[in-house]
Amino acid sequence: MRLVHVFVSEEQKEAVFEVLQDCEVDYVTTTASSAATGGTLVEFPLPTDGVNDVLDSLREVGLDEESYVVVGSAETARTGTMERLQNRYASDFSPLATAELRSKSRDMSYDLYSFVWLVAVSAVIAAGGLLVDSPAVIVGSMVIAPLVGPVLTTGVGVVTDDRKMMSDSVQLQVVGLVVAIVTSAMFSLFLRVTGFAPAGLAISSIELVSVRLAPTLITVAIGLGAGSAAAFALTTKGPTALVGVMIAAALLPAAATVGIALVWGALIVALGSALLLTMTLIFINLAVIATLRYLGYQSDDHDSETDAGENHPSWTIPRFAAVALLVLVVTGVLAGTFIQLSFEREATTSVEEVIDRPAYDGLEVVAVRTQYDGRPFDSARTVSVTLSKSSNRTYPAVAADIQRQVASRTGEEPEVRVRFQEYQVASPNSRLAPD
């Protein structure tokens, strides 16, 4: 429920009253005056989904964008027409008005000190969760991270052509990720120097790290989904806290992985994770902007008139350069991702072909993973295979057979690592021997 206050001049009063009556909105008026002239303060309650519709109707009869309009929250409202209004807008999707959208996005932003502090704390927790391979700890770090705020204000700044909002938000995103990388690196260095983490730890062998070694089609989908969901949630009356966790989930662990890899000297892992982080951030922002555009948000007329002046050409050049750089980065990363995905498919097929041979009847494929080496136009160099078996039989040649098959299909000669998982089988008719 929203409570709307609109200041109208004497000339606009009759037209405004007529619109409100046509929309079946009950209102009250108060004689008021501004610094320039007298007028009337009109107050009326509305369902949240009806605010944009009614304000648009008022603008059509002359209510200026610069007019005094305040939209506040209300717990409940009892008027003669409120029940009909609620029924009318109950099944309609009506995004927040542009002014409300800007206000809501700004409310999600932190001051620089608070933002940096929360990002640093969440990065420490994320790095710890990665090193101990604990998904629960990583999820906890996502709840703290305030990364969704600058992402959403960037999108709002772009679609409303608010250059300052966009510039400040982009800078805040960069600052946040740099702080996350540096903080996670410092924390990892402390753990390594003090001996709380093994000096010879193989970073890429940690499962939660190994899934963040390279950009993939899945990470693209995650970034697009997270950004679109965040933008959609912003345009509604609902909360965006849970969507903020999804944004942090796509960005924070990758940033922490970069910091950890730098401390352990795994430059290839750091580069691959940095590419993943960059690509995810780009697609999240693109999804936010595209979703807001699709929902009809755009710059106000008075902003467009201001931009049409002498400053417009100077604004076009950096925008064009930014788009060109974005296209270059995305094209390079997508090319590397396509090569990586092709190699993964061929490697998986090779493993299945080897395990289907009669000599390996007792084995089943559990998982096949390929490690990206971090270079955009090169393929993976390590294939990790997990196999399950139900007997004590050994298979000394399986790794070599898989390597030969992968080399035959791809032309690459990667290192192949095979891990076995043993399990026991009890058939329905089996009986346990007495103790």
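The values are calculated or read from the model by the stated rules, or taken from the named source; none is laboratory data. Everything numeric here is computed off the predicted structure, so don't read it as measured data. All Cβ positions, even for glycine, are placed from backbone atoms using ideal geometry, and neighbour counts span all protein chains on display. Areas reflect the complete protein model, heavy atoms only, side chains present, ligands, DNA and RNA absent. Shrake-Rupley method; radii C 1.70, N 1.55, O 1.52, S 1.80 Å.
Could you tell me how many of the residues in the range 260-279 are of a type in the set (A, V, I, L, M) and in a loop (DSSP other than H, G, I, E, B)? Break it down into steps so the answer makes sense when it comes.
The initial filter retains those residues of the range 260-279 that are of a type in the set (A, V, I, L, M), namely 260-263, 266-271, 274-277, 279.
Narrowing the set further to residues that are in a loop (DSSP other than H, G, I, E, B) leaves 266.
Qualifying residue count, the range 260-279: 1.
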- Query: Of S388, S342, S314, S350, which residue is modelled with pLDDT of 85 or more, among the hydroxyl-bearing types (S, T, Y), open to solvent by less than 80 Å² (accessible area, probe 1.4 Å) and assigned to a helix (DSSP H, G or I)?
  - Reply: S350
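Scan the range 353-366 for residues that are under 38 Å from the mean Cα position of the chain (by Cα) and outside any helix (DSSP H, G or I) and jot them down. Write out each step before concluding.
Start the filter on the range 353-366 by keeping residues that are under 38 Å from the mean Cα position of the chain (by Cα), which leaves 353, 364-366.
Within the range 353-366, E364, V365, V366 qualify.
For (1) buried (at least 20 other Cβ atoms within 10 Å of the Cβ); (2) within 16 Å of the chain's Cα centre (by Cα), each residue gets a yes or a no:
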residue: V116; (1), (2): no, no
residue: G140; (1), (2): no, no
residue: V143; (1), (2): no, yes
residue: G157; (1), (2): yes, no
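Being aliphatic (A, V, I, L, M), touching a Gly at 6+ places or on another chain (Cβ under 9 Å) and over 10 Å from P150 (Cβ atoms) is the filter here, so list the residues in the range 105-117 that pass it.
Step one: list which residues in the range 105-117 are aliphatic (A, V, I, L, M), which gives 108, 112, 116.
Then keep just the ones that are touching a Gly at 6+ places or on another chain (Cβ under 9 Å); that gives 108, 116.
The one that is aliphatic (A, V, I, L, M), touching a Gly at 6+ places or on another chain (Cβ under 9 Å) and over 10 Å from P150 (Cβ atoms): V116.
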- Among S188, S109, which is the only one that is open to solvent by 10 Å² or more (accessible area, probe 1.4 Å) and polar (S, T, N, Q)? S109
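Report those strands (runs of 3 or more DSSP E) wholly inside the range 1-74 carrying at least 3 residues which are under 40 Å from the mean Cα position of the chain (by Cα). If you could, list the steps in order and put the result at the bottom.
Working: elements: 2-8, 28-33, 38-46, 69-73.
Passing ranges, in order: 2-8, 38-46, 69-73.
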- Would you mention how many residues in the range 122-138 are assigned to a helix (DSSP H, G or I), in contact (Cβ under 8 Å) with a residue 24 or more places away in the chain and open to solvent by 40 Å² or more (accessible area, probe 1.4 Å)? 2
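When the residues of the range 405-426 are filtered to those that are aliphatic (A, V, I, L, M) and modelled with pLDDT under 85, which remaining residue is least open to solvent (accessible area, probe 1.4 Å)? So that I can check it myself, show each step before the final result.
From the range 405-426, those aliphatic (A, V, I, L, M) are 406-407, 416, 418, 425-426; that's our starting set.
Okay, now just the ones that are also modelled with pLDDT under 85, so 425-426.
Details: V425: 110, A426: 85 Å².
Residue satisfying both the conditions and the ranking: A426.
Can you tell me which residue within the range 140-149, out of those that are in contact (Cβ under 8 Å) with a residue 24 or more places away in the chain and in a helix (DSSP H, G or I), is nearest to A197 (Cα to Cα)? Give the derivation first.
Within the range 140-149, the subset in contact (Cβ under 8 Å) with a residue 24 or more places away in the chain is 141-149.
Imposing the further condition that a residue be in a helix (DSSP H, G or I) reduces the set to 141-144, 148-149.
Numbers: S141: 20, M142: 23, V143: 25, I144: 24, V148: 31, G149: 34 Å.
Per the criteria, the residue is S141.
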- Query: For the range 367-376, does any single residue satisfy the condition of being modelled with pLDDT under 90, over 39 Å from the mean Cα position of the chain (by Cα), aromatic (F, W, Y) and in a loop (DSSP other than H, G, I, E, B)?
  - Reply: no
- Task: Would you check if there is a residue in the range 59-76 being touching a Phe, Trp or Tyr at 6+ places or on another chain (Cβ under 9 Å), touching a residue at least 40 places away in the same chain (Cβ under 8 Å) and over 20 Å from V16 (Cβ atoms)?
- Result: no
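Please find, among A136, A180, A126, A202, the residue that is more than 17 Å from the chain's Cα centre (by Cα), aliphatic (A, V, I, L, M) and under 17 Å from A270 (Cα atoms). Let's see the steps before the verdict.
Details: A136 fails: under 17 Å from A270 (Cα atoms); A180 fails: more than 17 Å from the chain's Cα centre (by Cα); A126 fails: more than 17 Å from the chain's Cα centre (by Cα).
On inspection, the qualifying residue turns out to be A202.
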- Message: Checking S228 against (1) closer than 19 Å to L213 by Cα; (2) modelled with pLDDT of 85 or more; (3) open to solvent by 30 Å² or more (accessible area, probe 1.4 Å): exactly one of these is not met. Which one?
- Response: (1)
- Among residues belonging to the range 89-102 that are modelled with pLDDT under 80 and open to solvent by 40 Å² or more (accessible area, probe 1.4 Å), point out the one that is nearest to Q173 (Cα to Cα). A99
